[in-house]
Amino acid sequence: ELPRMFNQLVIFLLDGSGSMTFPGATGKSKGQEVHQAVINVLERLNASKNKSSFDVAFWGFANETIEMFPVQPIKDYNLTKDCFNPCEYITDYTKTNLNEVLGYVRTQTDTYLQKHEGQNTKVLIIILGDGAIHDYKSAFVLKEELGNNPLIYFSSILFESPTWEDQYDANSINNVKKDFSKLASTDADYMSTVDPEKIRNHMIQSIT
């Protein structure tokens, strides 16, 4: 393990709305699939020779915002006991609102960048959701404000549903995909899939 070479803050924003309790591609709930994907990501980071350079935080969002885990080093997470299923934290899950959690993240990001001012520091914000964002317009404005800082990057993952095509028309699905793609800093930072394994790999690629 190398001493801290840089300061990389990774903030996960995980959708805990009601639809995340529905079955995903594996038959487990999408919230459970997210939990396992996050475990795999943290295991990968924990095995890195640069693991001491990473700090990680988790937020759940729906019709409320919940801080699942504060900013802390990889080593402080207990991967056998900690729960990363956002549905286990959210009680008001009737809407998918992103603006509020981005406000909290802005404060968290400002604090981190100020603490490590003058050092090799960056922040990656990973947004994962499985449907339309109800306050998309205001959330997008705040995301753009945060993204104007060259030290802050966004990755977005649209966790699709295997039954979407039975429930929504093609135009509605394309609009959701388009909105989620705009939440990422670049096209390469956006992923749309029903496969939790691809979600895990996209997270790892975004971080590393």
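The values are calculated or read from the model by the stated rules, or taken from the named source; none is laboratory data. All figures in this text were calculated on a predicted structure; none of them were measured in a lab. Using ideal geometry, Cβ is built from the backbone for each residue, glycine included, and neighbour counts are taken over all protein chains shown. Side chains are part of the model used for accessible areas, which takes the heavy atoms of the whole protein and leaves out ligands, DNA and RNA. Shrake-Rupley method; radii C 1.70, N 1.55, O 1.52, S 1.80 Å.
Assorted remarks:
- Rolling a 1.4 Å probe across the protein heavy atoms gives the chain an accessible surface of 49 Å² per residue.
- For the chain, the carbon plus sulfur part of the accessible surface works out to 47%, probe radius 1.4 Å.
- The simple spin-label model puts a point 7 Å past each Cα toward its Cβ; for THR107 and THR163 those points are separated by 3.9 nm.
- A simple spin-label model places pseudo-atoms 7 Å from Cα toward Cβ; at LYS177 and ASN50 they are separated by 3.2 nm.
- Between the C-alpha center of the range 7-57 and that of the range 109-151 there is a gap of 18 Å.
- The chain: DSSP helices with Cα axial extent of at least 15 Å and average Kyte-Doolittle hydropathy no lower than 0.0: none
- Checking the Cα-Cα distances for LYS28/LYS143; LYS30/LYS75; LYS51/LYS122 against a 24 Å cut-off, the pairs over it are LYS28/LYS143; LYS30/LYS75.
- In this structure, the residue pairs whose Cα-Cα separation is over 32 Å, taken from LYS95/LYS198; LYS81/LYS137; LYS81/LYS182, are LYS81/LYS137; LYS81/LYS182.
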